[in-house]
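Throughout, read-outs are computed from the coordinates displayed, never taken from laboratory work. Because the structure is predicted, anything quoted here is derived from the model rather than measured. As a convention, Cβ positions derive from the backbone with ideal geometry for all residues, glycine included, and neighbour counts pool all protein chains shown.
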Amino acid sequence: MIKKNINVLAAVALIATGAIVAGACSDSDYDFDEIDSTVGIGGELTIPASTTDTIRLEDVLDLDNSDCVTVKDNGDYVFEQQGGEIDVTEIRVEGFTIMEKLTSGQAFVIDLESLAGQNAKARANTRFSNTQRIRRFTYDGHSDDVVDLTRVSINPASMDLSVQFPDGLSAVMPVIDRLQLFLPDYIVVTDVRGNGNGTLSHSGPVITLTGVNTSHDLSLTVTTDELDFSAGNMENGELSIENGDITLTGDIDMSLDATLDITGVPSQTRFEINNTFSLDTFRPVSASGRFNPSINLNSLGNIEITGIPEFLTDGDVRADLDNPRIMVSIDNTMNATGLVSGTIIATKDGHESAKVTVPQMTVHPATTTRICICRKKTAEIEAEYGSNAYEVPDLSTLIEKIPDNISFDAKAMADKDRESEFMLDHTYTIKPSYTVEAPIAFAENASIVYKDSLDGWHEDLEDYDLSDDAAVCVTATIENRVPAYLTLTATPIDTEGNDISSDVNVEVSNTVIASPDGENSAYTPLTINITKKTADAMRKIDGLRLTIQGKAKSDDGTESVTGKTLNAKKHFLIARDLKIKITGKVIADFN
């Protein structure tokens, strides 16, 4: 009995569905004892119907140990690449000093004549109450990093104030009931010490002494380690910052409340209470306010893309994926909000292939910020990333033609419109990293191409030929659970792999209809016709070179299936009711 294996013909139908070589027919052999060795079997031979095994995508899409496409535990195909190592970026707000530039003083004047009236006798026990400015100072500093200041912690600084009471004052004003000094409100007083003249107390920037003896001078040392410039705290002072120049001014006022003890006309009617003043240089150690330090973060890194599977390399491939994502993680030790924007550039064969602009993203202070840059925000993305999700509609263009490299050029700065706090002369760091992740779920214009060859037929077919009017017709109903339209083209080849379309014609009838959702199957009748064009053509054929294109859109462009991630386990094809019909004569040569 002579038997010829016809798996190759069954496989042709299976390949037409996109399944490549897998799953043989249940009826794999046919007995040719009943066929005349030189004449056809009466014009037509039909191989009984059969059904292939289930062909899953994992049997078809060979990843070839790909570095960039992986299969997740749930079976989803995902394009995934990790960005390269990025150096830590260091940030410093340089320390600065606020140094005394100018101090001017005024004496506190007591004019008895103005109190009692010109040429009039002064009356005993006249109340005296007055407030005058006795000192004004101006300090200067510079910092290119400072935009505005609300609070500054400084190394402890002392202000020394000495008040000299003039001779003769004690005769008419032996005791000052209450003497008050009003410092600029922004000076946070931490300690006040006097020389024992009077009873000392202070409340905020107001220093009060009671029972001051005018026969002795008064001295005070005021210590501060903080300057508070917040709203409402600028009485008796002013802070201005322009182009990095910091100017700080302050006034010191003094008030006296006393009883004048005058009998008759005093020999002296005008007294000047003089003062001396010195204030240490302010040396800030930390500051709150708005800052714009230099952040030399020019890149979030590069990704070199290697190990691309074959179905993403063909010139007709367009990886228009439904929702690729770039996940960025930025470690920020600054207690300041950062802003990062930039451009992502894809290059292929040394040339820029795509470029997208990334909107300004917020980097939260003193924490790790996780950011998702996506083609479109989904409920899942927003639930995970919240306000850290940023939509870039043209993001998929970066990988439509799988590039060799993806680089993320960035620009970073502190948010100078938000208040923050910096330790001065302290090194802070920013360290970014990012990952590209794109579930292989088609968008409307997506197309992938798989190429393979089905060969080795020559040994089985070399003893056979078909008459000139003969044909091989393969029919099947294709069950498709893959959410993609599948189109097959087949080219006959000889044992050397050469195209022999001039000898043999192969026609495939229909595009296989896509599953609408990857959960329910679609069914498509499919026909493959093989005819010869030249004598002995069938003895030349060794197989078919196959190109299978998976697309989101139907052939007429009226329908599409998008947003369904290809799954190695759940998505499959089955060729049902598979029949092979040979019409015309089968000519055998068994010599």
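Brief remarks follow.
- Environment charge at His458 (Cβ cut-off 10 Å; Lys +1, Arg +1, Asp -1, Glu -1): -4
- A crude spin-label estimate for the pair Arg418 and Asp468, with each label 7 Å from Cα along the Cβ direction, gives 8.4 nm.
- Amide proton proximity set for His426, modelled H, under 5 Å, gap of 5+: Val93
- Net charge of neighbours whose Cβ lies under 12 Å from the Cβ of Gly194, counting Lys and Arg as +1 and Asp and Glu as -1: -2
- Taking a ≥ b ≥ c as the square roots of the eigenvalues of the alpha carbon gyration tensor, the chain is prolate, as a/c is not under 1.5 and a/b beats b/c.
- Under the Karplus curve 6.51 cos²θ - 1.76 cosθ + 1.60, θ = phi - 60°, whole-Hz ³J(HN,Hα) for segment 475-482, x wherever Gly or Pro sits: 10, 6, 9, 9, 8, 10, 9, 7
- In Hz, Karplus ³J(HN,Hα) per residue of segment 219-229 (6.51, -1.76, 1.60; θ = phi - 60°; x = Gly, Pro): 10, 9, 10, 10, 10, 9, 10, 7, 10, 10, 9
- Between Asp409 and Thr51, the modelled labels are 5.8 nm apart [label points 7 Å from Cα along Cα→Cβ].
- Think of the chain as having a plus end and a minus end, set by charges on the Cβ of Lys, Arg, Asp and Glu; of Gly557, Phe96, Leu466, Phe96 sits farthest toward the positive end of this dipole.
- Most to least packed among 342-354, 378-390, 486-498 [average Cβ atoms within 10 Å]: 486-498, 342-354, 378-390
- Residues Asp64 and Ser329, FRET efficiency given R0 of 22 Å [Cβ-Cβ distance, rounded to 0.05]: 0.15
- Around Thr475: net Lys/Arg minus Asp/Glu count, Cβ-Cβ under 11 Å: +2
- Once C-alpha pairs closer than 8 Å and six or more residues apart are averaged by separation and normalised to the residue number of the chain, the relative contact order reads 21 percent.
- Helix-only mean residue ellipticity at 222 nm for the chain, each DSSP H run of n ≥ 4 adding -39500 (n - 2.57), per residue, nearest 500: -1500 deg cm²/dmol
- Distance between the 7 Å Cα→Cβ label points at Thr259 and Thr347: 9.1 nm.
- Contour excess over end-to-end distance, with Cα ends at Thr313 and Asp245 and 0.36 nm allotted per residue: 18.6 nm
- Counting only alpha carbon atoms, the long axis of helix 7-16 and the longest principal axis of the chain meet at about 40°.
- Here r is the Cβ-Cβ distance between Glu459 and Ser294 and R0 is 56 Å; the resulting FRET efficiency, rounded to 0.05, is 0.15.
- Normalised by the number of residues in segment 354-501, the average gap of Cα pairs under 8 Å and 6 or more apart makes the relative contact order 14 percent.
- Cβ-based charge dipole, segment 378-521, positive-most Cα from Ser447, Phe422, Thr435: Phe422
- Simple point charges give the picture: +1 on the Cβ of Lys and Arg, -1 on the Cβ of Asp and Glu, and for the chain a dipole about the Cα centre of about 2740 debye.
- Positive-end residue of Met327, Ile528, Thr337, charge dipole of the chain with Cβ unit charges: Thr337
- In segment 393-517, the ratio of gyration radius to Kirkwood radius, Rg to Rh, stands at 1.28 when only Cα atoms are counted.
- Cα gyration tensor shape of segment 122-176, rounded if a/c is under 1.5, else prolate or oblate by comparing a/b with b/c: prolate
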